[in-house]
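Q: One structure, as structure tokens, below. Some questions next.
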Amino acid sequence: MTSLPSSSFSTTRLLLHSPTPPRTTTRFNFLTMVTRSCLDDSSALLRAAQFTVDTYVKSGMVVGLGSGHASGMAIQHLGRQLRTGNLKDIVGIPMSVASASEAAKAGIPLDTYQDSSQVRTKKIDFAFDDADVIEEGTLVAIIGRRKLQSEESIVQEKSILNAANKLVFIIEENQYKDGLEGSVPVLVQSLNWMPTAEEIEDMFLGDAEVWRRSSIGLAGPLGGDYPLVTREGHNVLDVIFTSPIVSLAEVAKSLDKVYGVVDHGVISKIPCTVVIASQNGQRILDKLTADIVS
């Protein structure tokens with residue numbers, strides 16, 4: 001298997017053409033600028049999370065509670081709405097241990113979700129979640145790029161998203177783009193994972209590389225001595241695209257045909273809405289048209 005090309009990180013210095021520039025002042029201004037930018041991004045994401053809850057969640061709903069920064073904000077706001085009486089009789093279905101913990105602290109009643117006959121009889125009215133990236137124009141999303149924490153499951157997260165009658169992803173502007181690059185996480189059977197990885201690499205030869213995810217840091221393409229094993233007993237392959245992806249849906253179809261692939265982090269669902277956090281307000285995109293509808 002191939003390895004990623006080596007990369008190095010360099011620091012670019014800004015040279016000021018003035019004698020003995022005030023070093024501490026320059027640094028202070030830079031830090032102030034970064035801090036303000038982070039605060040602006042966070043406040044925009046908070047407004048988008050609050051908008052999602054206020055617009056789509058109604059009393060009596062069973063709600064899938066997503067994982068990630070935006071979802072955490074939405075969970076907190078949902079808890080406040082329950083405490084103030086603006087919403088009633090909400091049941092949350094957490095997609096991860098982190099979202100379950102956040103929901104419990106917010107006072108949201110919880111129920112479990114398992115991919116079984118029990119699940120199929122349980123109606124999930126609405127679900128919200130973060131996405132790593134969303135493909136412009138198609139609203140096909142990628143989840144699972146971030147490091148999985150204990151007891152987290154791409155399979156469960158994806159099952160809840162697909163089971164929901166209505167789905168909303170909450171993202172920032174830089175996560176909505178065309179010509180996606182980067183990784184697509186793929187769950188594979190741990191036994192004889194290597195032939196599966198080689199078939200995937202041959203399928204995308206020249207456009208992507210395949211690394212088995214390690215449970216501890218970066219351990220090379222084979223995952224080192226401690227490859228990540230999910231709670232279902234699967235390995236995670238990161239299919240790292242170094243060329244722009246022409247169609248994320250076609251990538252998903254190709255992966256579905258590979259023997260040994262259990263699932264992957266590509267989500268394509270109808271109906272689906274994307275709420276994009278912006279300093280100028282929320283942009284709302286609908287799956288059916290991928291146009292701004294409000």
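The values are calculated or read from the model by the stated rules, or taken from the named source; none is laboratory data. The model shown is predicted, which means the values in this text are computed figures rather than measured ones. All Cβ positions, even for glycine, are placed from backbone atoms using ideal geometry, and neighbour counts span all protein chains on display. Note: accessible area is taken over every heavy atom of the protein model, side chains too, but ligands, DNA and RNA are not part of it. Shrake-Rupley method; radii C 1.70, N 1.55, O 1.52, S 1.80 Å.
Q: Leaving out same-chain residues fewer than 8 places away, which lysines sit with a Cα under 18 Å from that of K253?
A: Here the lysines satisfying the reach criterion relative to K253 are K158, K269.
Q: Tell me which trypsin sites (Lys or Arg not before Pro) from the stretch 56-115 have a DSSP coil assignment and no more than 13 other beta carbons within 10 Å of their own.
A: K58, K88
Q: Sticking with this one: Towards the positive end of the charge dipole of the stretch 131-262, with charges on Cβ (+1 Lys, Arg; -1 Asp, Glu), say which of Y226, Q156, G260 has the farthest Cα.
A: Result: Q156.
Q: Okay, moving on. Which aspartates and glutamates, if any, have their Cα less than 18 Å from the Cα of K105, not counting same-chain residues under 8 positions apart?
A: Leaving aside aspartates and glutamates fewer than 8 places away in the same chain, those within reach of K105 are D89.
Q: Among the aspartates and glutamates, select those whose C-alpha is under 13 Å from the C-alpha of K166, and discard any that sit fewer than 8 residues away in the same chain.
A: D125, D129, D286
Q: Carbon and sulfur atoms: what percent of the 1.4 Å accessible area of the stretch 52-171 do they account for?
A: 48 percent
Q: I'd like the accessible area for R146, computed on protein heavy atoms only with a 1.4 Å probe and all protein chains in place. Round to 10 Å², please.
A: About 90 Å², rounded to the nearest 10.
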